[in-house]
Amino acid sequence: MYEPRICLVAQGAKRVLLGDDTYVYDSHHFLITAVDLPTVVQIIDASREKPYLGLVLKLDQREISQLMVDSNLPPSHPQQSSRGMATGEVTLPLLTAFQRLIDLLHEPKDIPILAPIIQREIFYRLLVGDQGTRLRQMASAGSQSQQIARAIDWLKGNFTRPLRIDHLATQVNMSTSTFHHHFRALTAMSPLQYQKWLRLNEARRLMLAENQDAATAAFQVGYESPSQFSREYSRLFGDSPLRDITGLRQMTDRDTA
């Protein structure tokens, strides 16, 4: 799950799959995410001699909103819905700001005072850069992105409950058709697919980390039919729950041997 954040790469490269979309970022390109998005991620450039090195900075919506006010940056104009994830070019001012943030690790006593200032600079650089419109959408009260973000928060906290699309749309002040359209545009999946992803990944965690059997995990995350759970699990992870968890445990055993 990619939360609202900016991701930089110091060495190597990474590929992120969001639905049918593919995003690749490296030392010359950052990845930015405006809402919580379920992804599949693969490191595509790394070696023992040059391991993958990256860093993540979470986006602070309040700070970004305040910056928009302080800098007289207008809210983004209503526009066609776009994905909640994008890549952008790493500029020299953005890179040097991140470098100064990392350098604070050598001066821990300065972190409480200087880190917030540098983070504010980073957010400003993003707001006036090529992905600034996307950030302003996220931080603008009443924007479609913010409405969908509220729906995503509800889904994350209630994914075990039955999903009524019309009720969720009403909660975020949208018609059902508009809500469905903008949710898919932002996340590359329907609300039901998003809920299914949350359920299946939590079930996988329960089986792997808490040693639950498939049926127990299925019921705990909201499935009423173990057979339906097994079919959807296999579709997402490429194998049955039993074989998938067995394979994951064998990989873990090899890594720790």
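None of the figures in this text is laboratory data; all of them are computed from the coordinates on show. Fair warning: this is a prediction, and the values are worked out from it, not measured in the lab. We place every Cβ from the backbone using ideal geometry, glycine too, and count neighbours over all the protein chains shown.
Structure above, values below:
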quantity: nm² value of the averaged projected area, convex hull over the Cα atoms of the range 1-99; calculated: 7.5
quantity: 10 Å binning of all Cα-Cα separations within the range 196-256, expressed as whole percents from 0 upward; calculated: 25, 57, 16, 2
quantity: Percentage relative contact order, the range 117-176, counting C-alpha pairs under 8 Å, at least six apart; calculated: 20
quantity: Simple Cβ-charge dipole of the range 5-139, Lys/Arg +1 and Asp/Glu -1, about Cα centre, in debye nearest 20; calculated: 140
quantity: Pairs of alpha carbons in the range 49-171 whose separation is greater than 26 Å (percent); calculated: 36
quantity: Part-to-part distance (alpha-carbon centres) for the range 1-31 and the range 137-176, which is given in Å; calculated: 25
quantity: Peptides 98-107, 192-201 ordered by average Cβ neighbours within 10 Å, highest first; calculated: 192-201, 98-107
quantity: The range 138-197 - convex hull of alpha carbons, volume per residue in Å³; calculated: 74
quantity: Taking the range 52-131 and dividing mean pair separation by its residue count, relative contact order in percent (alpha carbons under 8 Å, at least six apart); calculated: 37
quantity: At 1.567 mPa s and 4 °C, Stokes D of the chain from Kirkwood alpha-carbon radius, µm² per second; calculated: 64
quantity: Loop-exposed GluC sites (Glu not before Pro) per DSSP, neighbour cap 13 Cβ within 10 angstrom, longest uninterrupted part of the chain; calculated: 50-209
